[in-house]
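Report on one structure; see the data block that follows.
The values are calculated or read from the model by the stated rules, or taken from the named source; none is laboratory data. Note that this is a predicted model, so its numbers are computed, not measured. With ideal geometry, Cβ positions are generated from the backbone for all residues, glycine too; neighbour counts draw on all protein chains shown. We work out accessible area using only protein heavy atoms, side chains counted, and drop any ligands, DNA or RNA first. Shrake-Rupley method; radii C 1.70, N 1.55, O 1.52, S 1.80 Å.
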Amino acid sequence: MSAAKFSNPVVRWIDHRLPVFSMLDHTANEYPTPKNLNYMWNFGSLAGLSLVIMIVTGIVLAMSYTAHVDYAFESVERIMRDVNHGWLIRYIHMNTASFFFIVVYLHIFRGLYYGSYKAPRELLWILGVVIFLLMMATAFMGYVLPWGQMSFWGATVITNLFSAIPIVGESVVTFLWGGFSVDNPTLTRFFSLHYLMPFLIAGVVVLHIVALHRFGSNNPIGIDTKGRQDTISFHPYYTIKDIVGIAMFLLLLAIAVFFFPNAMGHPDNYIPANPMQTPAHIVPEWYFLPFYAILRAVPDKLGGVLLMFGAIAILFILPWLDRSPVRSARFRPVFRIFFWLLFIDALALGYLGGMPAEGIYVTLSRVATAWYFLHFLVILPMLGVFESTKPLPKSISEPVLATTGEAA
Amino acid sequence: MRKFIFATVMSLMSAVGMPGAASAAGGGDVTLLKNDWSFAGIFGHYDKASMQRGFQVYLEVCAGCHSMEYMAFRNLADLGYNEAEIKAIAAEYEVQDGPDEDGEMFMRPARPADRIPSPYRNDNEARANNNGALPPDLSLIAKARAHGPDYLYSLLVGYQDAPASMEVPDGMYYNNAYSGNMIAMPQPIYGDDVEYADGASTSAEALSADVTHFLMWAAEPKLEVRKRIGVAAVFFLSIFLIMSYLAKRRIWADVH
């Protein structure tokens, strides 16, 4: 690492002792990135931006929030009415939470479509699933903090799931609650953990990026880069492309925050928590609905809980379930069909999770749940063996040149 | 690839829309009347005259049973009242203060900084006076119900004679907007319940619309500034998006 590459003497002096500028230079200018990444590769940086927005707005909200069952709801209303621009900060926090999940779900489906989880990126994928789990825990606890009706009853329903664990279940739930019902100790510990976990996420994000930089990004063709002709430097090409994505993201976020701030929330959460009155339908936040549908699809409580967690756990072993040597769905015609079926299945589960658990919805939930597991446990392993894939291009440059030739 | 992005975005948008639709589902036959509210839409704003009339309806019709916990008299400035008017409105109420130097609590006229006093000392008194039913606090009611303002309006004008097939017990009333159609609140507005100083219509529909307007403001007092900033933000970000896209095209021109 030659210090001579920086002309500014102060930068040179610092870099010699603390090579932060070399690191930045390496990431921006030397780190080779496939030249054919499409806009589906924007969601990583957007997820990072979402995390930053959540942490910044969250820290500001915590300055005016009171974690106590008697004051939490009112303190949120104080933020909405009396704190300068408090309404803006809170609406950004609320809506970015939803956007964070939209972005992460797209990021996950991008990985599924282009086989980004395959060797040598298994750990990169697994760290991503860890981030996803931490996000779900953080979001769940954050939703409890305003202490509205859905906060309280959502917390009650979800924490009660742990009572399904044989023998120790009841003790685990008491431990989670800090008492014998969802009450002040539950709220205060959720607040504490809700403040802590984003920083854990940030830590795992660093690992996620370290693992990413080991082999670089996967790409839409899914073959490895073969040399300089296949790659471009991250800056300025992907910095500007990420900025386009960020502009689009912020535009959509602004539309939600300023014109539909409560569209992704539930009206019941503007009613203060009342332990004596159960809402007609207890539904979690929209981003949990697919998992909620799986939970309710099983008539047995423990079975439902296991299946719900299993739906995420299965993602950890995905790199070993899909043994096809071809990464990208572009060259896997049969896999591509099943990918879209899974996508529709996930949306269907989301829809069913929001419907009352009765009649046809229960049946449909069961079918959709069965399909979800069938996809990962049976279809993917079989496709790895039986699918005849299309021939792969020799290098990334080749098809890129070919398409340009056709278009021109 | 384009198709993939398009399909993804479209299906996600419908996925996002879903829980709202799901939460709207209630029991019974529910009639929802759609109104053209001035606060709806991108450039939405509150109608001060309507809010002042609505506030009067609240005071004369609703306030006997329903509190507005999160409203202070000073907030009424948003309705177009000046400081002297707000002081006068507040002074009509007595609030408890203290302790004084002798350690005694005492009553004094309310000031603009005070919250609007509740009609009952606690929920138990409220229930005892209302046949066991608890009149909900109204400060957030327009956000705490699906389709807030349209629902409130529909509820207020939704009192009817029950169909012959339906047995309505004592202390319950038939309402075609309420989930299950049986509500414990007696019909509050019949038309001409209050006298407006500005000569606006006092039909049941007009009074209901005015008080709904007021309640929407109470639930979302920052709506106007929110939408105003929103228009500027969307305008700025649209230009930012176009500029960054053009810059991207230019930078990428030499790659393909």
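Here's the yes/no breakdown for (1) under 23 Å from the mean Cα position of the chain (by Cα); (2) of a type in the set (S, T, N, Q); (3) at positive phi:
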residue: A:Arg332; (1), (2), (3): no, no, no
residue: A:Phe339; (1), (2), (3): yes, no, no
residue: A:Asp345; (1), (2), (3): yes, no, no
residue: A:Thr369; (1), (2), (3): yes, yes, no
residue: A:Pro381; (1), (2), (3): no, no, no
residue: A:Phe386; (1), (2), (3): no, no, no
residue: A:Pro391; (1), (2), (3): no, no, no
residue: A:Ser397; (1), (2), (3): no, yes, no
Can you list residue pairs whose Cβ atoms sit under 7 Å apart, with the first residue in the stretch A:220-235 being in contact (Cβ under 8 Å) with a residue 60 or more places away in the chain and the second being basic (Lys, Arg)? Count only pairs 6 or more apart in sequence or on different chains.
A:Pro220/A:Arg330; A:Ile221/A:Arg330; A:Gly222/A:Arg327; A:Asp230/A:Lys35; A:Thr231/A:Lys35; A:Ile232/A:Lys35
I'm checking my understanding of the structure. Among residues of the stretch B:241-256 that are more than 9 Å from chain A (Cβ to nearest Cβ) and either outside any helix (DSSP H, G or I) or not basic (Lys, Arg) (or both), which one is farthest from A:Phe259 (Cα to Cα)?
B:Asp254
If B:Leu156 passes every condition in (1) more than 10 Å from chain A (Cβ to nearest Cβ); (2) over 27 Å from the mean Cα position of the chain (by Cα) but one, which one does it miss?
(2)
Which listed residue, of A:Leu196, A:Leu200, A:Leu253, A:Leu207, is touching a residue at least 12 places away in the same chain (Cβ under 8 Å), closer than 16 Å to A:Met54 by Cα and either open to solvent by 50 Å² or more (accessible area, probe 1.4 Å) or touching a strand residue (DSSP E or B) at 6+ places or on another chain (Cβ under 8 Å) (or both)
A:Leu200
Just to be sure, is B:Ser238 polar (S, T, N, Q) and at the interface with another protein chain (Cβ under 10 Å from one of its Cβ atoms)?
yes
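Here is a check on your reading of the model: is A:His93 in a helix (DSSP H, G or I), at negative phi and away from chain B (no Cβ under 12 Å)?
When the stated conditions are applied, A:His93 passes them.
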Please determine whether any residue of the stretch A:71-87 is in a helix (DSSP H, G or I), of a type outside the set (D, E, K, R), in contact (Cβ under 8 Å) with a residue 12 or more places away in the chain and open to solvent by 30 Å² or more (accessible area, probe 1.4 Å).
no
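Report whether or not A:Val283 is modelled with pLDDT of 95 or more and within 24 Å of the chain's Cα centre (by Cα).
Taking the combined requirement at face value, the residue does not satisfy it.
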Residue count for the stretch B:122-137, restricted to those that are open to solvent by 50 Å² or more (accessible area, probe 1.4 Å) and within 13 Å of chain A (Cβ to nearest Cβ):
5
Neighbours by Cβ (under 8 Å, 6+ apart or cross-chain): first from the stretch B:173-201, closer than 30 Å to A:His281 by Cα; second among the polar types (S, T, N, Q) and open to solvent by 50 Å² or more (accessible area, probe 1.4 Å):
B:Tyr173/B:Gln187; B:Tyr174/B:Gln160; B:Asn175/B:Gln160; B:Asn176/B:Thr31; B:Asn176/B:Gln160; B:Ala177/B:Thr31; B:Ala184/B:Asn131
List every residue pair whose Cβ atoms lie under 6 Å apart, where the two residues are 6 or more positions apart in sequence or sit on different chains, the first residue falls within the stretch B:139-165 and is among the basic types (Lys, Arg), and the second residue, located anywhere, is at pLDDT 95 or above and open to solvent by 30 Å² or more (accessible area, probe 1.4 Å).
B:Arg145/B:Tyr151
Restricting attention to the stretch A:30-52, the residues that are assigned to a helix (DSSP H, G or I) and more than 14 Å from chain B (Cβ to nearest Cβ) number exactly 7
Mind listing just one residue for me: the one in the stretch A:226-242 that is surrounded by 18 or more Cβ atoms within 10 Å (Cβ to Cβ) and over 26 Å from the mean Cα position of the chain (by Cα) and, of those, farthest from A:Leu392 (Cα to Cα)?
A:Ile232
Selection count, the stretch B:59-113, where residues are touching a residue at least 24 places away in the same chain (Cβ under 8 Å) and at positive phi:
1
Looking at (1) more than 18 Å from B:Ala63 (Cα to Cα); (2) outside any loop (DSSP other than H, G, I, E, B); (3) open to solvent by 10 Å² or more (accessible area, probe 1.4 Å), which one does B:Ser154 not meet, given that it meets all the others?
(3)
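Where residues in the stretch B:66-96 are assigned to a loop (DSSP other than H, G, I, E, B) and of a type in the set (A, V, I, L, M), which of them is surrounded by the most Cβ atoms within 10 Å (Cβ to Cβ)?
Applying the filter and picking the extreme gives B:Met68.
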Looking at (1) more than 14 Å from chain B (Cβ to nearest Cβ); (2) surrounded by fewer than 22 Cβ atoms within 10 Å (Cβ to Cβ); (3) under 18 Å from A:Leu377 (Cα atoms), can you tell me which one A:Met308 breaks?
(2)
Just checking, does the stretch B:193-203 include any residue being surrounded by 14 or more Cβ atoms within 10 Å (Cβ to Cβ) and within 14 Å of chain A (Cβ to nearest Cβ)?
no
Exception for B:Leu140 within (1) more than 15 Å from B:Arg53 (Cβ to Cβ); (2) open to solvent by 20 Å² or more (accessible area, probe 1.4 Å) falls at (2)
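To keep it simple, each residue is scored yes or no on (1) open to solvent by less than 40 Å² (accessible area, probe 1.4 Å); (2) assigned to a helix (DSSP H, G or I); (3) touching a Lys or Arg at 6+ places or on another chain (Cβ under 7 Å).
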{"position": "A:Met135", "(1), (2), (3)": "yes, yes, no"}
{"position": "A:Gly142", "(1), (2), (3)": "yes, yes, no"}
{"position": "A:Pro146", "(1), (2), (3)": "yes, no, no"}
{"position": "A:Trp153", "(1), (2), (3)": "yes, yes, no"}
{"position": "A:Asn160", "(1), (2), (3)": "no, yes, no"}
Considering only residues that are farther than 27 Å from A:Asp322 by Cα and open to solvent by less than 40 Å² (accessible area, probe 1.4 Å), look in the stretch A:339-367 and name the one that is farthest from the other protein chains (Cβ to nearest Cβ).
A:Val362
One residue is enough: does the stretch A:102-124 have a residue meeting the conditions outside any helix (DSSP H, G or I), in contact with a Leu (Cβ under 7 Å, 6 or more places away or on another chain) and surrounded by fewer than 21 Cβ atoms within 10 Å (Cβ to Cβ)?
no
Return the total of residues in the stretch A:372-386 being open to solvent by less than 70 Å² (accessible area, probe 1.4 Å) and modelled with pLDDT of 95 or more.
9
Report, by residue number, each residue of the stretch B:202-256 that is modelled with pLDDT of 95 or more and touching a Ser or Thr at 6+ places or on another chain (Cβ under 6 Å).
B:Asp210, B:His213, B:Ala218
Residue set B:Asp192, B:Asp210, B:Asp170; condition in contact with a helix residue (DSSP H, G or I) (Cβ under 8 Å, 6 or more places away or on another chain) and acidic (Asp, Glu); output residue B:Asp210
Top-ranked residue in the stretch A:256-268 [being open to solvent by less than 40 Å² (accessible area, probe 1.4 Å), closer than 28 Å to A:His281 by Cβ and within 8 Å of chain B (Cβ to nearest Cβ); ranked as nearest to the chain's Cα centre (by Cα)]:
A:Met264
